[in-house]
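> Before we start, here is the structure in question, set down as structure tokens.
The values are calculated or read from the model by the stated rules, or taken from the named source; none is laboratory data. Owing to the predicted nature of the structure, the values given are computational and were not obtained by experimental measurement. All Cβ positions, even for glycine, are placed from backbone atoms using ideal geometry, and neighbour counts span all protein chains on display. Surface accessibility is based on the protein's heavy atoms, side chains included, excluding ligands, DNA and RNA. Shrake-Rupley method; radii C 1.70, N 1.55, O 1.52, S 1.80 Å.
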Amino acid sequence: MEAWNGEERLHLGAEAEVISGTWFGRPAILKKRRLRAWRHPELDSTLTRKRMTNEVKLTIWLAGMGAPVPAIWDVDMDESVIIMEKIEGRPLIEVLRAGEYDEKLLFKVGKSIREFHRYAVNHGDLSTNNILVTEEGDAVLIDLGLASREYELEGFGIDLHVLYEIFRASHPDVENAMDLVLEGYLALDEELGKPQPAPGGQPPDAVDIIKRLEQIMKRVRYHGG
Ligand SMILES: Nc1ncnc2c1ncn2[C@@H]1O[C@H](COP(=O)(O)OP(=O)(O)OP(=O)(O)O)[C@@H](O)[C@H]1O
Ligand SMILES: [Mg+2]
């Protein structure tokens, strides 16, 4: 990683350490997956590799399609390191907590999620930490370690349900947050029509996914899961 110049640690989580700096002089992020002592070392390295390969493959593929993800610039599998474009902005969680959001932003969040789903990719970990809000007010999705290709309504419904639960638990004061996200989610299909077939199958329509989400919400209310 010769072209890398680290400046500041942004994040130290259970899974990853994230450092901001420059790569060939451009603002960049270095994400290093951490080994965890409590896991079996071999199992840990297999899981780490799997998640990292997943993150790299799907992020690069989505970026090529023009979806809202950071560009990946370099990868070192042996060191479990990814170097990517730095998205100038803040995680949605902070923007919501600071009360610095408007309806348009939540609408855009919905559109960004729908872009993933239109390309038959499930994000897999849609928390308000993994949605970055740029200075222009766009929503970029990061952290694709749990992302997967998906063709079933249920999978996409669950992706949205994760965000719904996080809004309820962490941002109950943000009114209509999920309604606005779903408006944006639907609007992209109204704009672009039916999604194109993706490698492996036909991604379902937004209307049908939202119907499924409503069923999942009911199921969880009655049975708690
Ligand atoms: N490309 C990027 N541009 C700007 N900030 C980023 C970028 N990638 C990550 N970050 C920042 O680092 C934080 C953690 O990154 P990420 O979500 O990828 O790690 P993680 O897998 O969630 O780590 P852990 O599970 O250990 O918490 C993000 O919430 C974001 O604030
Ligand atoms: Mg994250």
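> Between the range 57-125 and the range 136-213, how many Å separate their Cα centres?
The two parts, judged by their Cα centres, are 13 Å apart.
> If you don't mind, there's one more thing I want to ask. How large is ³J(HN,Hα), in whole Hz, for each residue of the range 87-95 in order, when computed from phi with the Karplus curve 6.51 cos²θ - 1.76 cosθ + 1.60 and θ = phi - 60°, using x for Gly and Pro?
8, 6, x, 10, x, 3, 4, 6, 4
> Taking the Cα of Leu10, stepping 7 Å toward and past its beta carbon, and measuring to each backbone N in the range 60-85: which are under 12 Å?
Once the point is set 7 Å along Cα→Cβ of Leu10, 70-71, 83-85 turn out to lie under 12 Å by backbone N, inside the range 60-85.
> So how far apart, in nm, are the two label points at Trp61 and Thr134 if each is 7 Å from Cα heading toward Cβ?
2.3
> What are the semi-axes of the equivalent ellipsoid for the range 102-216, taken as the square roots of 5 times the Cα gyration tensor eigenvalues, largest first, in whole Å?
Equivalent ellipsoid of the range 102-216: 21, 15, 14 Å, largest first.
> Roughly speaking, what is the stretch gain from Glu190 to Lys104, that is 0.36 nm per residue apart minus the C-alpha to C-alpha distance, in nm to one decimal?
Fully extending the segment from Glu190 to Lys104 adds 29.3 nm.
> Calculate the dipole size of the range 119-193 relative to its Cα centre from +1 charges on Lys and Arg beta carbons and -1 charges on Asp and Glu beta carbons; express the result in debye to the nearest 20.
Rounded to the nearest 20 debye, it is 280 debye.
> Would you work out the charge dipole size for the chain about its Cα centre, treating the Cβ of every Lys and Arg as +1 and the Cβ of every Asp and Glu as -1, and quote it to the nearest 20 debye?
700
> Could you give the size of the charge dipole of the range 89-223 about its Cα centre, using +1 on the Cβ of each K and R and -1 on the Cβ of each D and E, expressed in debye and rounded to the nearest 20?
About 440 debye.
> Can you give me the % of accessible surface on the chain that is carbon or sulfur? Probe 1.4 Å, all protein chains present, nothing else counted.
For the chain, the apolar C and S fraction of the accessible surface comes to 51 percent.
> Normalised by the residues of the chain, what does the relative contact order come to in percent, with Cα pairs under 8 Å and at least six apart?
17
> Positive end of the charge dipole of the range 80-158 (Lys, Arg +1 and Asp, Glu -1 on Cβ, about the Cα centre): tell me which of Gly89, Asn122, Leu132 has its Cα farthest that way.
About the Cα centre, the residue reaching furthest to the positive side is Asn122.
> Something else now. Kindly write out, for the range 15-30 in residue order, the coupling ³J(HN,Hα) from the Karplus curve 6.51 cos²θ - 1.76 cosθ + 1.60 (θ = phi - 60°), rounded to whole Hz, with x marking Gly and Pro.
9, 8, 10, 10, 10, 9, x, 10, 10, 6, x, 9, x, 9, 10, 10
> Still on this structure, I have one more. Among Gly25, Asn5, Pro41, whose Cα sits farthest toward the positive end of the charge dipole of the range 4-85 (+1 at Cβ of Lys/Arg, -1 at Cβ of Asp/Glu, about the Cα centre)?
Of the options given, the answer is Pro41.
> Per the helix-only calculation at 222 nm, which mean residue ellipticity applies to the chain, given -39500 (n - 2.57) for every DSSP H run of n ≥ 4 and division by its residues, nearest 500 deg cm²/dmol?
Calculated mean residue ellipticity at 222 nm is -14500 deg cm²/dmol.
> While we're on this one: What translational diffusion coefficient, in µm²/s and rounded to a whole number, does the Stokes-Einstein relation yield for the chain at 10 °C and a viscosity of 1.306 mPa s, taking the hydrodynamic radius as the Kirkwood radius over Cα pairs?
Calculated translational D: 86 µm²/s.
> Shifting gears a bit: Return the distance in nm (one decimal) between the two label points of a simple spin-label model at Met77 and Leu47, each offset 7 Å from Cα along Cα→Cβ.
2.0
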